[in-house]
1. Once the dipole of the chain is set up with Lys and Arg at +1 and Asp and Glu at -1 on Cβ about the Cα centre, which of Leu356, Ile71, Thr294 lies farthest towards its positive end?
2. If I model a spin label at Arg160 and Asp181 as a point 7 Å from the Cα along the Cα→Cβ vector, what separation in nanometres do I get?
3. Quickly work out the Leu356-to-Glu47 label distance, labels modelled 7 Å from Cα along the C-beta direction, and quote it in nm with one decimal.
4. Return the FRET efficiency for the residue pair Glu90, Ile273: r is the Cβ-Cβ distance, R0 is 51 Å, and the value is rounded to the nearest 0.05.
5. Counting alpha carbon pairs within less than 8 Å and at least 6 residues apart, what relative contact order, in whole percent, applies to region 116-218?
6. Suppose we keep just the DSSP beta bridges with both residues in the chain; what percent of those would be antiparallel, to 5?
7. Between region 1-44 and region 90-168, what is the C-alpha centre distance in whole Å?
8. Given the options Thr98, Ile282, Thr342, identify the residue whose Cα lies farthest towards the positive end of the charge dipole of the chain (+1 on Cβ of Lys, Arg; -1 on Cβ of Asp, Glu).
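The values are calculated or read from the model by the stated rules, or taken from the named source; none is laboratory data. Since this is a predicted model, take the numbers as computed values, not measurements. When we count neighbours, we look across all protein chains shown, and the Cβ atoms used for this are built from the backbone with ideal geometry, even at glycine. Surface accessibility is based on the protein's heavy atoms, side chains included, excluding ligands, DNA and RNA. Shrake-Rupley method; radii C 1.70, N 1.55, O 1.52, S 1.80 Å.
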Amino acid sequence: ALTLVGIVLGTTALVVMVSVIGGLAVAVEKGLSDLGYDGVIIVVPTEAEDPIERKKQGYSRGLRRADGAVIERGRKIIDEVAPVVGLGDETARMNGQTLKVTVEGVTPAWGRIRNRDAETGRYLVERDVETRATVALLGNTLKEDVFGSEEAVGREILIRGVRFRIVGVLRHFGNRQVNDDEMRRDNSKVYIPLTTAQEYFLGEDTVHAWAFQADPLELEHAQGEVEDLMRRSHRGITDFKIENIGEELLRIRGQIDELVRNWKVVLASIAGISLLVGGIGIFSVMQISIGERTYEIGLRKSRGATDPEIFGQFLVESVSLSLVGGMLGAALGYGITLLAGTAFEDGLPVSPTGLLLAAGFAIVIGLGAGVYPALRASRLHPVDAIRAA
């Protein structure tokens, strides 16, 4: 039993390490994906910095939906383009409650770029934008706060005297591992068609930002294309600022990948040391066993047992000890992993890779620790073995 402890602890650490690190990496990746900035470049308005451009700023009408025509004609690297209007906090009435909500005017392309989709109902469609439809989407947290377990789709929201029909509720964004302020705000917003927001709330073609999406590996070239297209649409005046959020997200992902790799090395070292200690324990027990069983070995050999048979007997004993320890460790690791899964919203599945590695390492340790003692036993001369006993 004492011999098995090292193997049990080592395999337990291995199963838990692979499962937790793998689950954590998946949860972080999901959280980063929920941010909705993969390959995304955002353009926002600003004052022109160049003195000459500042004097000519009146030639540009700033960010507006009409920029889309120039962008569509000239884009090559850019995959998706979407404008957005932020209306800020508005007083809304729904389900008998009056509350402040943040309202945004968006398009279907905005949902595709930002990885925003509906959990129930539907997202906005092109017809909603074309017809300036008075329809709305609710963030998941806002729906829970106002409607609870009641159905929200089909109900109405009253904003500035305009009645909007709820057509969808967005899924919840973020998790315990990645949940920044922006995602929490997105979960509590009301989204309406861009053109509806412009007609009923702005009264003009202005947009507050443009979102561009491209291949994350082409972001540097995409940024150059965005700048060229925006300058072309704004008559050569740089009255906008480009924020390459996708590139920053790539950098963060690289840091997280490096952190996960470092943790794998640390935990693998702990598991390896435990397995090594277990292997030394098995080696010691097998050596002692041979010393106590020399008479048995001599008697078996005198009755015709061959060297390979003696070797196989002791090697099987060694591997069996290690395998039992590995199975106990895998079972313990399974239980600990399920317990640790309570810290993850989607649970923490036990990694089959971890279980296979645990079994594989247990067998290897058993073989490694048992080869020399088994070889030593097989080489004992029967007369010397019986005499030594």
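1. Value computed over the given set: Thr294.
2. Label-label distance for Arg160 and Asp181, simple model: 2.5 nm.
3. Result: 6.2 nm between the two label points.
4. Once the sixth-power term is evaluated, E becomes 0.25.
5. Numbers: 147 pairs, mean separation 35.6, N = 103.
Once normalised by length, the contact order is 35 percent.
6. Counting only bridges with both partners in the chain, antiparallel ones make up about 80 percent.
7. If you average the Cα positions of each part, the centres end up 35 Å apart.
8. Most positive-ward Cα: Ile282.
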